[in-house]
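What follows is a short report on a single structure.
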Amino acid sequence: MSIDDIFKRLIERSLSSAVFKDREVLRPDYIPNELPHRDEEISKISSILAPIFRGERPSNIFIYGLTGTGKTAVVKYVLIKFEEYTAKIEKPFKYSYINCRYDDTTYRVLARLADSIGIKIPFTGLSTSEVFRRIINALDGLGIPLVVILDEVDSLVKKCGDELLYRLTRINEELKRGKITILGITNDVNFIERLDPRVKSSLGEEEVIFPPYDALQLEDILSRRAVKAFKPDVLEDGVISLCASIAAKEHGDARRALELLRVAGEIAEREGKSKVSKEHVFSARMEIEKDRVAEVIKTLPLHSKLVLLSLAISGNESKTTGDTYNTYRELCRSLGIDPVTQRRVSDILSELDMVGIINAKVINRGRYGKTRLISLNADLNTLLKALKEDERIENIVKNFRSR
Ligand SMILES: Nc1ncnc2c1ncn2[C@@H]1O[C@H](COP(=O)(O)OP(=O)(O)OP(=O)(O)O)[C@@H](O)[C@H]1O
Ligand SMILES: [Mg+2]
């Protein structure tokens, strides 16, 4: 076969799919044109924002709900609708969507905000108060309501404190004609409690809580999406309800359910099948879990990685904190670095338990008191592969693997 033929085939194969009609529909950032089971939240947020129709300032809103409960999708959807309807009745307003996980500094948030009202701020160089001054001038010039959406606002506060939030919630006092509404979104339960009380009360003028979806609701959401994403009759019976029930058992996360369905489809496609089966969903669950574990491990600090490696050395056996600490110390010695204290290792173990990579079970040993028995809760190969990517410990991991 000539190289041209090979390429023609490759292109054909990558363009045509036996299972997907439109895979994009299953991507996490796709905004569907219907959001079933969120009518109440949509109507609540819309009524809070309704003063926009009179050109007035709506109250600040704080939205809370676990991950994948549709907060981002609903808020974007509602604002797009507001844009459409305010255009019809000629009551202009503006909004600025900022995801604080990506724009996680005061300067970047302000630069985005400025951009949405048509002023360009250089990448660096201006003082925060100068940026504020320009924003205030521009807003007074416009004289229309501005809704600033701070999505995943906890990331910003974790990194920079709540100073910016404070100033933003106070900015209306400085404005003559303009007006700002802050709409904060988070999935962190404890976030609002950690805020300065003044910020807390003004950000939370109105609160909307997004409850998790149950299995039936997820099934409905998935079914509507699947019609657009898959070719007819590709999904075997029970595939959608299986994705829904797995996601519902965790915490009613629609993103997770959609991801399961998409990855199951991709696995079926890779295997050259024209049907997606329940087995594909189970394989998808494993694949996603492995990716998640690898992602978490990669971002751990060095000593946490060494603690994990100490656990990996004993394979599937459970160990006490003391045993783990001894192995960890040996690892540190062989690397020529100073170990942290046993107290710190014990904290590291609790952190690893919290993210679900290990299991720590407290057992009572009578007069010897209580101890924790620790075991790995992740696939050993996935774990070693992720640890090996850190060049500081690459060699010991390799040695360990060849043992
Ligand atoms: N009611 C719904 N109908 C259709 N799709 C939905 C619905 N709720 C959520 N989704 C989809 O699920 C995925 C996750 O939703 P979204 O991003 O809005 O979650 P979130 O609450 O913002 O989560 P996080 O706190 O992690 O940011 C998106 O792809 C979204 O389109
Ligand atoms: Mg979100």
Solvent-accessible area per residue for the chain (1.4 angstrom probe, square angstrom): 53
Percent accessible area from carbon and sulfur atoms, the chain, protein chains only, probe 1.4 Å: 50
Computed over region 39-210: relative contact order in percent, which uses C-alpha pairs under 8 Å that are six or more apart: 36
Rel. contact order, % - alpha carbon contacts under 8 angstrom, at least six apart, region 310-403: 28
Cβ-defined net charge surrounding residue 34, 13 Å radius [Lys, Arg +1; Asp, Glu -1]: +3
Spatially proximal lysines relative to residue 305 (Cα-Cα < 17 Å; intrachain offsets below 8 disregarded): 290, 319, 385, 388, 398
Accessible area (Å², 1.4 Å probe, nearest 10) - residue 12: 120
Spread of Cα-to-Cα distances over 20 Å intervals beginning at zero, given as percent, for the chain: 21, 43, 32, 3
At R0 = 35 Å, FRET efficiency that the Cβ-Cβ distance of residue 399 and residue 346 yields, to 0.05: 0.85
Local electrostatic count at residue 76 - Lys and Arg +1, Asp and Glu -1, tallied over other residues with Cβ under 11 Å: -1
Zone of residue 177's modelled label, taken as backbone nitrogen in region 103-142 under 18 Å from a point 7 Å along Cα→Cβ: 117-119, 133-142
Dimensionless Rg ratio for region 39-107, taking C-alpha atoms and the 2.2 N^0.38 Å reference: 1.20
Radius 12 Å from Cβ of residue 345, net charge of other residues (Lys, Arg +1; Asp, Glu -1): +2
Length-normalised contact order of the chain in % [C-alpha pairs under 8 Å, at least 6 apart]: 17
All aspartates and glutamates inside 16 Å of residue 275 as judged from Cα atoms, apart from same-chain residues fewer than 8 positions distant: 22, 233, 236, 237, 266
Sites residue 236 and residue 33, calculated FRET efficiency, Cβ-Cβ separation with R0 25 Å, nearest 0.05: 0.35
Estimated FRET transfer efficiency (residue 302, residue 250; beta-carbon r; R0 30 Å; 0.05): 0.50
Cα→Cβ-extended label distance, 7 Å offset, between residue 337 and residue 220, nm: 5.1
Accessible surface of residue 329 - all protein chains present, 1.4 Å probe, nearest 10 Å²: 110
Computed [θ] at 222 nm, helices only, for the chain once each DSSP H run of length n ≥ 4 contributes -39500 (n - 2.57): -17000 deg cm²/dmol
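The values are calculated or read from the model by the stated rules, or taken from the named source; none is laboratory data. Owing to the predicted nature of the structure, the values given are computational and were not obtained by experimental measurement. Note that each Cβ is placed from the backbone with ideal geometry, even for glycine, and that neighbours are counted across all protein chains shown. For the accessible areas, the whole protein counts, side chains as well, though only heavy atoms, and no ligand, DNA or RNA atoms are used. Shrake-Rupley method; radii C 1.70, N 1.55, O 1.52, S 1.80 Å.
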